[in-house]
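Q: One structure is given below, represented as structure tokens, and several questions about it will come after.
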Amino acid sequence: MPAAKRRKAGRGSVAKSRRPARRRAGQSAHRRARQAQRFAVSHQREEDFLVNGLRTYAKYRDLGLSAATHGMVQAHVIRLLPPCRPEEVSKLHYHEVDFQMVYVLKGWMKTELDGQGAIMMKAGSCWIQPDRIRHKVLDYSDDCEVLEIVLPADFKTVELE
């Protein structure tokens, strides 16, 4: 048998026998204990932006990840409502989370994070807010829209002001 055919034949049989064993061996007990995630899709519709989230000055569009991951992950698009009112938005707080990432989709926002000072974030900016980092929104554009991903989906926010 030519070498190319032997490699091709060998690859298929080896891959079938090794893949499941490696996957099982590489998974932690915690990962195996999680409920299976399910497929979810979320297409943008204006009526899905609701004033039902953490902040009254924002509309939230749930992307369906919390239900699909059984509470492991929350993801939503947040539209900050104009005009920015610093007396309402600039409240020092922190979140008890395992992971929190924010990505600016449109516009800009100025935020202040403990130990980092004031930072201007604009479309394309991305940051991670470590667990319990004290922060506040200082200002934002009229068209500001961000994507936020948080683990776990159900987390506690502690207001400091």
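Readers should treat all values here as calculations from the given coordinates under stated rules, not as data from a laboratory. Keep in mind that this is a model prediction, so the values were computed, not measured. Here Cβ is always computed from backbone atoms with ideal geometry, including for glycine, and neighbour counts include all displayed protein chains.
Q: Considering the Cα positions of region 46-159, please state its Rg to one decimal place and its Dmax as a whole number of Å.
A: According to the Cα coordinates of region 46-159, Rg and Dmax are 13.3, 38 Å.
Q: Pop the C-beta distance of residue 132 and residue 41 into the FRET formula with R0 = 35 Å and round what comes out to the nearest 0.05.
A: Plugging the Cβ-Cβ distance into 1/(1 + (r/R0)^6) gives 0.60.
Q: In whole angstrom, note down how far apart the Cα centers of region 55-72 and region 78-96 are.
A: Cα centroid to Cα centroid, the span is 18 Å.
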